[in-house]
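Laboratory data are not the source of any read-out in this text; all were calculated from the coordinates shown. Not measured: the values here are computed from a predicted model. Methodologically, a virtual Cβ is constructed for each residue, glycine included, from the backbone with ideal geometry; neighbour enumeration extends over all protein chains shown.
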């Protein structure tokens, strides 16, 4: 046979099959048949044909959906998930959530002063650098930050350690620049934090950030006689002064990677605030006082407010002192006790320079020591060990409630 | 000779895929005889050849073909227009053949030489046609034979054949190509 192409072969097969096929059409039409139902055996597999196109489309649809889900999740994580939280404590305490890109997702106040600040600004979606600048400027404007109250605690908590560290350095640099521009200089305490339940509870209860709560808890481990509530209520500058008075280097409590930017000693150095009119290099207390009175009118209102707060806390602490005495039975050195007590209860009655410095730990520099304070101190000394049962019972209950 | 061949072998143009109007089925379901006859005219030969490639017996293949068209009549109202009427028909044919194959499994097998004669190729008058079909059934593996029958007689695409036979497309293409080559070799070697 001659060479055949595929077409020719198929043609031969077609003709051959046609010749073989019987012609039964008429007979088949005449035969009676029953109508089949849908599950007749000879129809098995006939419906599969429909699934095929769908299956192919479903495969592509599933793939497209998976790609979309991956893209969406990545986008969400980048832009809408909190990657780190920044805690700012001056006296206002503010927490700022940021995403991977350094954009602010949310800013929350942990205390009333923080709420006052945040009510006047909208930081959502702002770049963290701009947000920091705006926050610090506002704090200066409201008097929370000043030349004498120029200390802030900057804590960062993040999902990724490296990113959190990089963020902390970035905003620390922003803060340093802002404080330098606004106040000439500033002190920044930096730390990384990983808040646990205890820290969160304390921060929520006392209206401070977890950053400050974590720092205070570390201080209290070494100084159990100090009052948590009082420390929580202190502005950062006063807290540092209290530590320095007690001979504590607060930088040791900032944890691994924590650091201090600025000169801590400047908080206690009188010469820094010396407005020596006669240039004799002697400490001029009268000059200082006058100039402070002239230049810081707003401070008085703040000081009055703080005094009121201190008075209230003193009432609560009157009976705590007797309790503390019992707890401090191991301390043989009375002077150390005194210093510690004064550091925690900075309303000291001592009229020497050391005492005055200690008292400044709670009262911003330039605040007046008045008769009320002296009387309160006297009363406190008289009541040590005695206790006024009427108030003490109530106070004790309040303290216990606070401590729960 | 060439002219003679041209006259004798004047066939309809190369047959592409059988184009079946899907509206035939609802018409058959409603009792339209003309629709049934049209369907039989177009599909009886491919159905028969496909059944023959499975059952390897002319008698059984004729029964299977008849049963196929009776089932088509009984299930025409269930046909869903999916654009592949041939696949629907051949699936019915396959199911019927498999049923018969299982039933026949218990009966005695014919000797090899009788099985070939049993195919009924002697009824094909044209020698080349007969030789080609005979070679396809005797020389080729069963799968290749089946694939060639479906493609040559119905014009079904290889993808559709792969779906019908539940095989990968690449396997179908490969078997088809090897089958055609083998047939060509066998036929060219003949006088």
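Please compute the average number of Cβ atoms from other chains found within 10 Å of each residue's Cβ in peptide B:51-58.
Details: counts 0, 3, 0, 0, 0, 0, 0, 2.
Taking all residues of B:51-58 together, the mean is 1.
Judged by the mean number of other Cβ atoms found within 10 Å, the most tightly packed of the peptides B:79-86, A:154-161 leads the ranking A:154-161, B:79-86.
Mean separation of Cα pairs under 8 Å and 6+ residues apart, divided by the residue count of the range A:78-131: what relative contact order is that in percent? All intermediate terms of the calculation are to be shown ahead of the outcome.
Working: 101 pairs, mean separation 15.7, N = 54.
It rounds to 29 percent for the range A:78-131.
Here the gap between residue A:47 and residue A:266, fully extended at 0.36 nm per residue and compared with their Cα-Cα distance, gives a gain of 70.1 nm. An oblate overall shape is assigned to the range A:127-267, the ratio a/c of its alpha-carbon gyration tensor axes (a ≥ b ≥ c) being 1.5 or greater and a/b not exceeding b/c.
Using a cutoff of 8 angstrom between alpha carbon atoms and counting only pairs six or more residues apart, the relative contact order for the range A:47-168 works out to 22 percent. The overall shape of the range A:94-189 is oblate: from the C-alpha gyration tensor, with semi-axes ordered a ≥ b ≥ c, the ratio a/c is 1.5 or greater and a/b is no larger than b/c. The mean count of C-beta atoms from other chains within 10 Å of the C-beta of residues in A:27-34, rounded to a whole number, is 5.
Where a ≥ b ≥ c are the square roots of the eigenvalues of the C-alpha gyration tensor, would you call the range A:75-144 rounded, which needs a/c under 1.5, or, failing that, prolate if a/b is larger than b/c, or oblate? Intermediate values should be presented prior to the final figure.
Numbers: a/c = 2.45, a/b = 1.99, b/c = 1.23.
Here the range A:75-144 falls in the prolate category.
Neighbouring Cβ atoms from other chains, within 10 Å of the Cβ of residues in B:73-82, number 5 on average.
I need the peptides A:217-225, A:134-142 ranked by packing, meaning the mean over residues of other C-beta atoms within 10 angstrom, with the highest value on top. Intermediate results must be reported in sequence, preceding the final value.
Numbers: A:217-225: 15.1, A:134-142: 19.2.
In decreasing order of mean packing, A:217-225, A:134-142 become A:134-142, A:217-225.
Note on the range A:1-18 and the range B:53-67: Cα centroid distance 22 Å, given to the nearest whole angstrom.
Placing a pseudo-label 7 Å from each Cα along the Cα-to-Cβ vector at residue A:137 and residue B:104 gives an inter-label distance of 9.5 nm. Relative contact order of the range B:23-65: 27 percent, from C-alpha pairs under 8 Å at least 6 residues apart in sequence.
In terms of the mean number of neighbouring beta-carbon atoms within 10 Å, the peptides A:240-250, B:17-27 order highest first as A:240-250, B:17-27.
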